[in-house]
Structures are given as C-alpha cells and as structure tokens.
Amino acid sequence: MVRIDYKVCNRCGGAKEKRCERICPGDLIGVNPEDDRPVVLYPQDCWACTACVKDCPVSAISLRLPFQILGKETSLKASVKGRKTYCVVEGEGGKKEEFEIEVIQNGTLRRKD
Amino acid sequence: MEIVRKDTDLLIIGGGAAGCYAAVEAKTQSPSLRCLIVEKAHIDRSGCLAMGLNAINAYINPGESPESYLNYVKQDFMGVVREDLVLSIARGLNDTVKKVEEWGLPIEKRPDGSYKPRGRRGVRVLGERLKPILAEAVRKHRVEVLNRVAVTNLIKQEDRIVGAFGLGIRDGNLYVIRAKALIVCTGGASGLHKPPNPGSGRHLMWYCPWNVGTGYAIGLRAGAEMTSFENRFIALRVKDVQAPTGTLALGAGAKQINARGEPYLEKYHKDSPVRESSTYFRLLSAVLENQAGRGPCYLDLSHIDAQTLRQFKVDLLNMSPAMLLMLAGREIGDYRFEIAGSEPYVVGGHGEAGYWVDVERRTTLKGLYAAGDVAGGAPKKYVSGCWVEGQIATRSALQEITPGSLPSIDEDLIKKEQSRTEMPLKRRDGLSPQEAEEWLQKIMDEYAGGLSTRYELNEEKLLMGRTLLKDLKSNVPYLKAENYHELVACMEVVDRIDVARTVVEHLLYRKETRWPCSQSRLDYPQRDDAHWLKFVNSVMDVDTAEIKILEKGLHGQD
C-alpha cells in the first residue's frame, strides 16, 4: 500500500496525467477532478512494487505494508536521480536506514515527461 | 466506444522482458520495419520486472555448458521438458545478458572482469531499474509503443492470425491492429487461485498480479495448442512479502530450519521421490515438515554479519522492496524468516505451461509466435531465457514479413468484439469483476488444489471444479463495469476463467504425480514413467469452447 503526502505532492505542476497515475502497473491511481490531487483508487490491489514511489519527482509517496502482514508502522521512500536510486527505510520509533545504489552503468536514462 | 485502426509489420503483445528484447531485435535486424508494442500498463514499469531484479538465474558460467544446463533443467522437471527449446535458450543466454549489460544493467564483476557467479547458473545484478533500461532500449531503437491498451482477442481470418483487438484503458476505445506477424509476450497467469492473504494483502503475491493469462486466453480462443498447464508453479518464498528465498540462501548463506531450529532437508533426501530436483525437493520438504507438525519452517540468517546484512538489504532493494520493511528496525540475531509455498501460478518461465511452439517459436497458429512466460515446454528460462526467446521469435517472424499489403478485416468481426467488450459498461446490474474473481478463486482453491487444500487433487474434486467453472463461465454475460478500469478487469476475469478451465482439464488428464505440489494427485500418488513420460497438450474448440486434450511425445511427436 502506498501513501501520498499531500503536503509534499505538487500535483505534477498541474499536468493532466500525474506521474504516479502514469506509471502504476496496476492502473490503481487516478486524479480527483475537484482538487487535482492524485488518489489511490484501489489501495487493496497494490503489489508493493514501488514504481510510483520511485517515479514521483518530489518523493511524496511512501510504501507501507498492511497491518495484517507486519503489525507495525514502517515506511519506505525512494527516489531516482541519474544513475542512482536512493532509499530511506523507516522502522518503528523513527529509526532510519539509508541506501544509495548505482543502478545504471554507461549512460543515464532520459527522464521522460 | 470508438474504433481506432492501426497497421504495423510486427506486432508485439506485451512489453515485458521478452517483448522489449524482441522489439529491439526487430529494429536492429531491419531498421525500416514497422514494429509496435501494445502494453497494458506503462512500459517503464510493467509486468514481472516492475520491482527490479537482483540476479539472473539462467547464465552459462565458466565450467558449465548449454548441455549441462539442459541436463539440469531436465532433471529438475522430472524428464518432461522440450530439449530442443531448452537447448536453444541455453545457447543464447550469455549473448543476451551481454547485450542488456551494454544497455546499462550493472552486473557484478570479479577482479578479472568476469561476471561474479551466484550459484552455478546465476550472476548477480543491480537490477532495480532493469525495466526502465529495457524500455529505454526500445525507445532508442524507435519502436512504437502503445501504452495502456489491453489486448482482448486475436484477429483470425481464414487460417491466419492477422492482428489483434485491444481496449484502451484511458480512452475506452477499441483498437483494431493489423500486422503481418505477431509475437505474444504477455507473461503467464496469477490470480487463478485464492491468494494467501485477504483484503489489503490480496495482491502481495509472487507473480505480477496483472499478468492474468491474457496471452494464453487469446490463443485458446483462437484455437492454439497449449502444453503442460498441469505444471502449475508454486514459489517457495518468504511468507507474506514473497521475497525470493534464493536471495537469502544463495546470496546470504541462509539455511532452511524447522520450528525446533533443526535443519530438515537432509533427512528427506534419501527417500524423497523428487530428490533429483532441487526446486521440487525444497518445496515438498517444507510442505511435509509442516504436515508433520514441525512448522513453521524458516530461512535462518541469525549468524549474519553486519557487512553481509547490508549487502542482503541492497539485494532486496533491487528486487523485493517490501521485505526491507520487514527488516526495518530489527536487530542482528533476530533474523529468521518464515518461508511458505505460494498459491499456484501458470507460467512458462519458472514452470513450463504455455503455447506449444516449435524451435523457431512458431505457435500452431499461422502468423503467431510466442516468447517468454507465455511459451511452454522450456522451464527455468527466467529473464535471460525470455530475452533469448524474444530474439528467436523475432528472427523467425521477420522471415515471414514481406512487402505486400495487409488483409482487410471483416467488419462483422470488429462489431462482434466491440459488442463483447463494451457490454459490461451497459449493464446497470450484474456481477462485478471483483465478485467474479473471488468466485473463480474459491472454486480453484477448493477443487483444484489451492493453498487451503495443500495443493492436493483428486478426480472427484476436479470434476466438481469443472462443473463449477462452467457455471461461472455461463455468468460472463452478466459482468458489469462502472468505468474503464473495471472494464479491463472484466476482460481479465474472462481470460482467467478460460485459463483456469484449461488447467483443470490438464490436471484431470495426467493420472500420476510427476511434480508434487504443482500436481499432487492423491488418487495417483506415484510418478509413472512407463505411461506418463510425455506432454499433456490441449486445444479449445473455437466455436463450442470445449477443451480437447492431446498427448505429445517428449520430442514433440504425436
């Protein structure tokens, strides 16, 4: 399951199709026409793949697991910059662990809009 | 619903591992060729590879050969594999891996520059962005991509497949795509059986939940021959988060232990009916240990040091991010992870269910080729084998594409598909796709060897399953959708029903137990090499939808 932090989400600068809506492999995210916010329309269908988490340009989305699976609050945020993927995993009590991995060699991916 | 018409030379259905590789191969061989990928999601993060990958499990490391790879696959699947297909994959593995490395995939190296092996037949990769890398190669080679269009049927005229119909998920339009040749690369099927967790956990599954068997279903409805649907794949994984056990065992040196902390694999080895198959042996031993009251079983990482732990976490970030949440805040020493078998899937990449193809990856339908998880007879191909199959299928398909014009499509066929696909939107009352899916999964769980019955099967239950599926299928006209997302979900459940019916017929037909858990017949508990060292194949009648079973010899003969 993912959570969108609306204090951080910038509605992709008003773009018609939001990045998270565009990338979700399950087509689970839509946009509320009233306030232009992206909304997870089918949260129970999330695969926890983190495609939207990584593709969000302002890192407004985090992954959590349903309570029936883990029984506690945790979250994962990730972002993609050039050849690297950055990730922060937060456990109970706010304990954080950070990762920085190089996942592209020779050249970078264009960022497409 | 508007009709959108498109023409291309080579149509690739599904832009995953096989589809992307096939498309790049096509434009490399023939830059002026028109090549179109139709993709249900967005090609940057669709299908099995959406999460990423931390190892390529099919690679010919130094000291191994294509022949030794074939021997391993044959042994692991109890002798019933298509040797010609497996060998053709093995011979192409290293070249395709090299190619994807050139496209940008980081592969871990030893000081001498050779790939660092993971196990005998694997290499370690940092594949968090493998799917975007493949998608970028597709774009660089100027392949046309149609995202968010879900293929609903093949177009068959006279004896030949001449195109495909697709439903636009965003615009609700019906796409009518004509092509000179087609390669189906949609992947296999999840969601046939009930998943391990309900509600908010229902999609925490091993296989991509949006790989629903559409590639099989469109072939079945056009009369293609399929093979080995009784060879269901069950993944032994970290329970609930479905993290790969290979990452723990091969990557971090974890041992399988039972609830008492005892390693249990060794004691089963001498008498196990599947001791020659590491895949089935590990799965069956865990199931038996649970049945004997010594479960749960675990992978034990309690002796891990800080450096290996960090490496292990990086591996998870590359492939299984949800498991990082399971590790969050845990201290070293508290590292045992419960393992369990998944619900069954139908796939041709880990298992061997799929289209019956020749060594050129031609299906039994003219103009249609198959590659990747949707192609049968060659298990353990994994991602690199899917690339090889994409390459082979493209090379064969290109030979068939000649200048000439495309045939015109019968307008009645278009009207028929339009009315079939838009019907759920017109119903005010009826069966929601969610309800139909739950109905299907209940039937398959209870009568076709799901998790709740510990995968066990017998004839009477399977016959009951057959009857109930027929009843479910007769309710397809009552499916209703509120929007385009649900409309596609309706089409997906229709596809799953056709695949599930085929699975049940295959399970009924093979009267032995060759692959325990995948196909555990309580009424025929022994493996019977005298009678069953052969393939079970099937064809669905295009008019009556009845499924006819055919037997094929190990070398493909009738």
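Worth pointing out:
- Of B:D412, A:D45, the sequence from fewest to most neighbouring Cβ atoms within 10 angstrom is B:D412, A:D45.
- Hz values of 3J(HN,Hα) by residue in the range B:496-503 - Karplus curve (6.51, -1.76, 1.60), Gly and Pro given as x: 4, 5, 5, 5, 4, 4, 5, 4
- Helix B:66-76 and the longest principal axis of the Cα set of chain B meet at an angle near 80°.
- Degrees, to the nearest 10: B:83-103 long Cα axis against longest axis of chain B: 90
- Beta bridges by DSSP in the protein assembly as shown, antiparallel share as percent, to the nearest 5: 75
- Here the simple spin-label model places points 7 Å from the Cα toward Cβ, and for A:D35 and B:Q399 these points are separated by 6.1 nm.
- Peptide A:95-106, shielding by other chains (average Cβ, 10 Å cutoff): 6
- Helix B:278-291 and the longest principal axis of the Cα set of chain B meet at an angle near 70°.
- Only helical runs count toward this figure. For chain B, summing -39,500 (n - 2.57) over DSSP H runs of n ≥ 4 and dividing by all residues gives -12000 deg cm²/dmol at 222 nm.
- Put simply, the amide H of B:C297, placed in the peptide plane, has neighbours under 5 Å in B:I339, leaving out anything fewer than 5 places away on its chain.
- Backbone N under 19 Å from the A:R11 label point (7 Å along Cα→Cβ), restricted to the range A:36-54: A:36-41
- Residues A:C56, B:C185, A:C12 arranged by fewest to most Cβ contacts within 10 Å: A:C12, A:C56, B:C185
- Percent of C-alpha pairs per 10 Å bin in the range B:411-535, short distances first: 13, 36, 26, 17, 8, 1.
- Charge tally in the Cβ shell below 9 Å around A:L63, where Lys, Arg are +1 and Asp, Glu are -1, A:L63 excluded: +3
- Phi angles across the range A:55-66 convert, under the Karplus curve 6.51 cos²θ - 1.76 cosθ + 1.60 with θ = phi - 60°, into 3J(HN,Hα) values of 8, 5, x, 10, 6, 8, 10, 10, 9, 9, 9, x Hz, Gly and Pro given as x.
- Along its first, second and third principal axes, ordered by size, the range A:2-102 spans 37, 35, 25 Å in Cα coordinates.
- For B:V151, distant residues with modelled amide H under 5 Å away: B:L167
- With at most 12 neighbouring Cβ atoms within 10 Å, loop GluC sites (Glu not before Pro) (DSSP) excluded, longest segment of chain B: B:159-330
- At q = 0.12, 0.19, 0.22, 0.23 Å⁻¹ the log10 of I(q)/I(0) for the range B:127-224 amounts to -0.54, -1.14, -1.25, -1.27, computed by Debye summation with a single uniform scatterer per C-alpha, solvent ignored.
- The H on the amide N of B:G377, modeled in the peptide plane, is under 5 Å from the matching H of B:A353, B:G354, each at least 5 residues off or on a different chain.
- Cα gyration tensor category, rounded, prolate or oblate, for the protein assembly as shown with a/c compared to 1.5: rounded
- Over 31 Å between alpha carbons, listed pairs B:K366/B:K461; B:K40/B:K473; B:K239/B:K380; B:K116/B:K140; B:K109/B:K534; B:K116/B:K180: B:K366/B:K461; B:K109/B:K534; B:K116/B:K180
- With the alpha-carbon atoms of the range B:236-341 aligned to their principal axes, the span from lowest to highest coordinate is 40, 25, 22 Å, starting with the largest.
- Computed over chain B, relative contact order equals 20 percent, with contacts defined as Cα pairs under 8 Å that lie 6+ residues apart.
- In order along the range B:36-41, the Karplus-derived 3J(HN,Hα) couplings, from 6.51 cos²θ - 1.76 cosθ + 1.60 at θ = phi - 60°, round to 10, 9, 9, 10, 6, 9 Hz, and Gly and Pro are given as x.
- Counts of other chain beta carbons within 10 angstrom of each beta carbon in peptide B:45-57 average 3.
- Relative intensity of chain B on a log10 scale, I(q)/I(0) at q = 0.08, 0.10 Å⁻¹, equals -0.49, -0.79, per a Debye sum over C-alpha point scatterers of equal strength in the absence of solvent.
- Inter-part distance where the range B:296-346 and the range B:1-80 are each reduced to a Cα centre, Å: 29
No lab work stands behind these numbers, since they all come straight from the coordinates. Note that the structure is a prediction, hence the values are computed from the model and not measured. As a convention, Cβ positions derive from the backbone with ideal geometry for all residues, glycine included, and neighbour counts pool all protein chains shown.
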